[in-house]
Amino acid sequence: MDLLEGLTTEQRNPNSIGIDKMDTVSILKIINNEDKLVPLAVEKEIKKIARVVDIVVNAFKRGGRLFYVGAGTSGRLGVLDAAECPPTFGTDPQMVQAIIAGGRDALVRAVEWAEDKESEGKKEIDRRGFNFKDVLIGITASGQAPFVIGAMKRAREIGASVVALSCNEKSETFNYADYIIHINAGPEIIMGSTRMKSGTAQKLVLNMITTTSMIKMGKVYNNLMVDLVPVNSKLVKRSKRIIMLATECSEAEAARAFKESGNRPKTAIVMVLLGVDKKTAETLLDRNDGRIGLALDAYERKK
C-alpha cells in the first residue's frame with residue numbers, strides 16, 4: 001500500500017473527481033483535456049529519447065537488435081510497435097522484437113499474474129538469444145513489474161544497453177537502466193488505469209524511437225517510406241504511388257519500375273531517378289547504407 005501511494009499513476013486525479021455523475025459530453029471533455037497533456041510531457045524528454053535512438057541505430061549498424069519487454073498494456077504496445085516494423089520499413093522480423101509477460105495469451109486477455117515472476121523475464125531473453133550487441137527497452141507504466149526488471153537485470157549482466165521507459169518518478173526499473181525515459185503524464189483519469197494516459201505516452205515514445213531509427217537507417221526518402229513490403233493490394237498501390245511521388249514519373253513508368261525492381265520501391269526509385277537497371281541500383285544502395293540520397297550523390301560524383 002505504501003508503494004502504491006508513492007506512484008504518480010496511482011494518485012487520484014482532481015480533474016476527474018465526480019466523473020461518474022457527469023453527462024457523456026462532460027466525461028469525454030475531461031478525458032480529452034487530460035490526453036492533451038501527454039504530448040507536452042513527452043516533449044520534455046526529447047533529448048533523452050534522442051539519445052536512445054542513437055544507441056538503437058548504432059546497435060542496428062553492428063548487427064544488434066531492439067527488444068521491448070513489458071507486461072499488460074505496456075507489453076501489448078511493444079508487440080504492436082514491433083509487429084509494424086517489417087511491413088512499414090521492410091525489416092527482418094528479428095530486428096525489432098517484443099516480449100510480453102504471459103506470452104501470446106496476454107495479447108488478447110489479461111494475464112496479470114505473469115508480470116510477478118522476475119525469473120521468467122530473465123529466461124525469456126535468454127531464450128531469444130539476447131546478446132551484448134542488442135538493446136533492451138523495459139516498458140512499464142508503474143515501473144515495478146518484476147518480469148520486466150528480471151529481463152533488464154539479465155540484459156545488464158550480458159553487457160547490453162538497457163533503457164527504462166516509465167511514467168513514475170519512483171520507477172524501480174530506473175535502478176537497472178543505463179538510460180532513463182520518464183514521461184510524467186500525471187495521474188490517470190481513472191486512478192490506476194494506465195492503459196489511458198500512460199499507455200498513450202508509451203505509444204508516442206515507441207513510435208518516435210522506431211520511426212526515427214528507421215529514418216536514420218535509410219528506410220525513408222524525404223518523408224516517404226520507401227522500404228515497405230507490398231504484401232497486399234493496398235500496399236502495392238501505395239508502393240507505386242510512392243515511386244511516382246519520389247520521382248515525378250508517370251503511373252505507367254512507376255508500375256514498370258516496380259515490377260522490374262522485384263517489387264522493391266526503394267530500388268525502383270533509384271532506377272527511375274538515375275535511369276539505371278536493377279543491379280546497378282541495388283549496388284549503389286548497398287554501398288551507401290541503403291540510403292537513396294547518398295546513393296544519388298555517389299552516382300553523380302562517379303559521373
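Key figures
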read-out: Residue within the range 167-185 that is within 26 Å of residue 30 (Cα to Cα) and among the β-branched types (Val, Ile, Thr) present; value: yes
read-out: Number of the exception - residue 191 against (1) touching a residue at least 60 places away in the same chain (Cβ under 8 Å); (2) surrounded by 19 or more Cβ atoms within 10 Å (Cβ to Cβ); (3) touching a Lys or Arg at 6+ places or on another chain (Cβ under 8 Å); value: (2)
read-out: All positions within the range 278-303 that are in contact (Cβ under 8 Å) with a residue 12 or more places away in the chain and over 28 Å from the mean Cα position of the chain (by Cα); value: 278, 281, 284, 296, 298, 299
read-out: The range 241-294, subset of a type in the set (A, V, I, L, M, F, W, C) and in contact with a strand residue (DSSP E or B) (Cβ under 8 Å, 6 or more places away or on another chain), residue nearest to residue 230 (Cα to Cα); value: 242
read-out: Residue in the range 114-123 that is among the hydroxyl-bearing types (Ser, Thr, Tyr) and either buried (at least 24 other Cβ atoms within 10 Å of the Cβ) or not assigned by TED's automatic domain parsing to the domain that holds residue 52 (or both) present; value: no
read-out: Test for residue 57: is it in contact with a Phe, Trp or Tyr (Cβ under 6 Å, 6 or more places away or on another chain) and in the same structural domain as residue 209 (by TED's automatic domain parsing); value: no
read-out: In the range 170-192, the residues that are of a type outside the set (A, V, I, L, M, F, W, C) and modelled with pLDDT of 90 or more; value: 171, 172, 173, 175, 176, 178, 179, 182, 184, 186, 187, 188
read-out: Unmet criterion (only one of (1) farther than 16 Å from residue 209 by Cα; (2) of a type in the set (Val, Ile, Thr); (3) surrounded by fewer than 23 Cβ atoms within 10 Å (Cβ to Cβ)) for residue 53; value: (1)
read-out: So residue 143, is it at positive phi, in the same structural domain as residue 28 (by TED's automatic domain parsing), surrounded by 18 or more Cβ atoms within 10 Å (Cβ to Cβ) and part of a loop (DSSP other than H, G, I, E, B); value: yes
read-out: All positions within the range 2-45 that are in a helix (DSSP H, G or I), closer than 15 Å to residue 192 by Cβ and modelled with pLDDT of 90 or more; value: 16, 19, 34
read-out: Selected residue [part of a strand (DSSP E or B), more than 29 Å from residue 17 (Cα to Cα) and either without any contact (Cβ under 8 Å) to a residue 60 or more places away in the chain or small (Gly, Ala, Ser) (or both)] from 155, 164; value: 164
read-out: Residue within the range 100-113 that is among the acidic types (Asp, Glu), crowded, with 20+ Cβ neighbours inside 10 Å, in contact (Cβ under 8 Å) with a residue 40 or more places away in the chain and outside the structural domain of residue 232 (by TED's automatic domain parsing) present; value: no
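The values are calculated or read from the model by the stated rules, or taken from the named source; none is laboratory data. Here the structure is a predicted model, which is why all the values come from computation and not from measurement. Because the Cβ atoms are built from the backbone with ideal geometry, glycine has one as well, and the counts that use them run over all protein chains shown.
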